[in-house]
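Visitor: Supplied in structure tokens, the structure appears directly below.
The values are calculated or read from the model by the stated rules, or taken from the named source; none is laboratory data. Everything numeric in this text was worked out from a predicted model, so none of it was measured. So basically every Cβ, Gly included, is an ideal-geometry build from the backbone, and we count neighbours across all protein chains shown. Remember, those area values only see protein heavy atoms, side chains included, never the ligands or the DNA or RNA. Shrake-Rupley method; radii C 1.70, N 1.55, O 1.52, S 1.80 Å.
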Amino acid sequence: MGFENTGRVWTVESLASYLAEIKKPDWCDSVTLHHTGAPSLAQRPVGLTAQHLRNIEHFYRVTKGWSSAPHLFVDEDQLWGMCDFRKKGVHAVSFNGRSVGIEVLGNYDVEDARSGRGLACWRNAAAATKVVLDWLGKSAGPRTVFFHRDDPTTSKSCPGTRVEKPWVLSLIGQPVRPEPAEPRPTPSVALARDELRLEGIHWVAPVRVFLAKKGVGEQQIRERLKKRGKYFYYGEELLEDAFYDKETEATWASLHELESLRV
Ligand SMILES: [Zn+2]
């Protein structure tokens, strides 16, 4: 059976201690990341509880009739067990035989992974992934960190269209408790406190504010700042790190990209 750890809960530190005491399995060389989809963050406003985990187990074991399950469920502050780490779980057809399966609370087709609770969940998941890979004697990379959607047998977007592998790998590479990592940079224009903030790994600023302070006219900004598909462009230049921030109702981009724009 693959539900030995339902009821166990760890922090990143206590998971590392727990794994240090158990034998690493010879079948496992990687971690596969998922999002729970349903429940979403909105459906679990204070994260997961022990009862939620029992319900999830019941769903897999009884409703679906599975013999096993993912190994770990991650919310913003805790790591919840399910399948024994030494045993193969059930979470992604092509990766069950080689990966520890980690589920991140949230629906990242629609919810934001890069701020607020979404970011807290992904930081926690990244730290847990690092702990598991350390235990396996592996370092994080494209061959040791899979997304469910990397499985050619699935058409799912899991762990969500708003989550990209390079970003997750960069999170895994960060210290478990990120200090205000980089010092606040000095932009070429004067930005107020709330016009420059650290988002994930980038210092970001609102595009319109930044360009206006550079002396670019409002009309020109409106004409040139465009979203095509998933990406933002300024004229023909791709703003790779740009995103729309609901709270400020503005498009933000990394300071680095903004500084290198030809305006
Ligand atoms: Zn999945």
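Visitor: May I ask you to list the residues in the stretch 149-165 that are under 10 Å from the mean Cα position of the chain (by Cα) and at negative phi?
Guide: Taking the stretch 149-165 as the starting set, the residues that turn out to be under 10 Å from the mean Cα position of the chain (by Cα) are 159-160, 162-165.
Selection gives Pro159, Arg162, Val163, Glu164, Lys165.
Visitor: Now for a different question. Do you know which residues across the stretch 91-127 are in contact with a Cys (Cβ under 8 Å, 6 or more places away or on another chain) and of a type in the set (Val, Ile, Thr)?
Guide: Val100, Val104
Visitor: Residues that are away from the ligand (no atom under 16 Å from the Cβ), at least 3 per element: which strands (runs of 3 or more DSSP E) completely within the stretch 118-213 meet that?
Guide: Values: elements: 145-147, 197-199, 202-206.
Result: 197-199, 202-206.
Visitor: Evaluate the stretch 141-150: report whether one residue or more is basic (Lys, Arg) and surrounded by fewer than 16 Cβ atoms within 10 Å (Cβ to Cβ).
Guide: Step one: filter the stretch 141-150 for residues basic (Lys, Arg), giving 143, 149.
Then drop every residue that is not surrounded by fewer than 16 Cβ atoms within 10 Å (Cβ to Cβ), which leaves 143.
Within the stretch 141-150, one or more residues are basic (Lys, Arg) and surrounded by fewer than 16 Cβ atoms within 10 Å (Cβ to Cβ).
Visitor: Now a separate question. Taking the condition of being closer than 26 Å to Pro142 by Cα and either among the polar types (S, T, N, Q) or not assigned by TED's automatic domain parsing to the domain that holds Leu19 (or both), how many residues in the stretch 41-88 meet it? Working first, answer last.
Guide: Step one: of the stretch 41-88, the residues closer than 26 Å to Pro142 by Cα are 68-88.
Those left that are additionally either among the polar types (S, T, N, Q) or not assigned by TED's automatic domain parsing to the domain that holds Leu19 (or both): 68, 78.
So the answer is 2.
Visitor: Still on this structure, please answer the following. Just for the stretch 1-37: of the residues that are open to solvent by 20 Å² or more (accessible area, probe 1.4 Å) and of a type in the set (A, V, I, L, M), which one is nearest to Ala127 (Cα to Cα)?
Guide: Across the stretch 1-37, the extreme among qualifying residues is Ala16.
Visitor: Can you say whether Val104 is within 15 Å of Leu171 (Cα to Cα) and in contact with a Phe, Trp or Tyr (Cβ under 7 Å, 6 or more places away or on another chain), as far as the supplied structure shows? Quick ask: steps written out before the conclusion?
Guide: Numbers: within 15 Å of Leu171 (Cα to Cα): yes; in contact with a Phe, Trp or Tyr (Cβ under 7 Å, 6 or more places away or on another chain): yes.
Yes: the conditions hold for Val104.
Visitor: Also: Filtering the stretch 201-226 down to residues that are surrounded by 14 or more Cβ atoms within 10 Å (Cβ to Cβ) and small (Gly, Ala, Ser), which residue is nearest to Trp252 (Cα to Cα)?
Guide: It comes out as Ala205.
Visitor: Sort out which residues of the stretch 227-263 are without any contact (Cβ under 8 Å) to a residue 40 or more places away in the chain, of a type in the set (Phe, Trp, Tyr) and crowded, with 19+ Cβ neighbours inside 10 Å, and write them in order of number.
Guide: Residues satisfying the conditions are Phe232, Tyr234.
Visitor: Take the residues in the stretch 110-147 that are hydroxyl-bearing (Ser, Thr, Tyr) and touching a residue at least 12 places away in the same chain (Cβ under 8 Å); name whichever of them is farthest from Glu76 (Cα to Cα).
Guide: Going through the stretch 110-147, the residues hydroxyl-bearing (Ser, Thr, Tyr) turn out to be 115, 129, 139, 144.
Within this subset, residues satisfying the condition of being touching a residue at least 12 places away in the same chain (Cβ under 8 Å) are 115, 129, 144.
Working: Ser115: 12, Thr129: 14, Thr144: 23 Å.
Checked the stretch 110-147; the qualifying residue farthest from Glu76 (Cα to Cα) is Thr144.
Visitor: Mind telling me which of the residues Glu4, Glu13 ends up being at pLDDT below 95 and either under 19 Å from the mean Cα position of the chain (by Cα) or more than 16 Å from the ligand (Cβ to nearest atom) (or both)?
Guide: Values: Glu4 fails: at pLDDT below 95.
Exactly one of Glu4, Glu13 is at pLDDT below 95 and either under 19 Å from the mean Cα position of the chain (by Cα) or more than 16 Å from the ligand (Cβ to nearest atom) (or both), namely Glu13.
A quick yes/no check of all residues on (1) touching a strand residue (DSSP E or B) at 6+ places or on another chain (Cβ under 7 Å); (2) charged (D, E, K, R); (3) within 16 Å of the ligand (Cβ to nearest atom):
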residue	(1), (2), (3)
Tyr18	yes, no, no
Glu21	no, yes, no
Gly47	no, no, no
Gln51	no, no, no
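Visitor: Looking at the structure I just gave you, is Arg117 of a type in the set (Lys, Arg), open to solvent by 10 Å² or more (accessible area, probe 1.4 Å) and in contact with a helix residue (DSSP H, G or I) (Cβ under 8 Å, 6 or more places away or on another chain)?
Guide: Details: of a type in the set (Lys, Arg): yes; open to solvent by 10 Å² or more (accessible area, probe 1.4 Å): yes; in contact with a helix residue (DSSP H, G or I) (Cβ under 8 Å, 6 or more places away or on another chain): no.
Criteria not met by Arg117.
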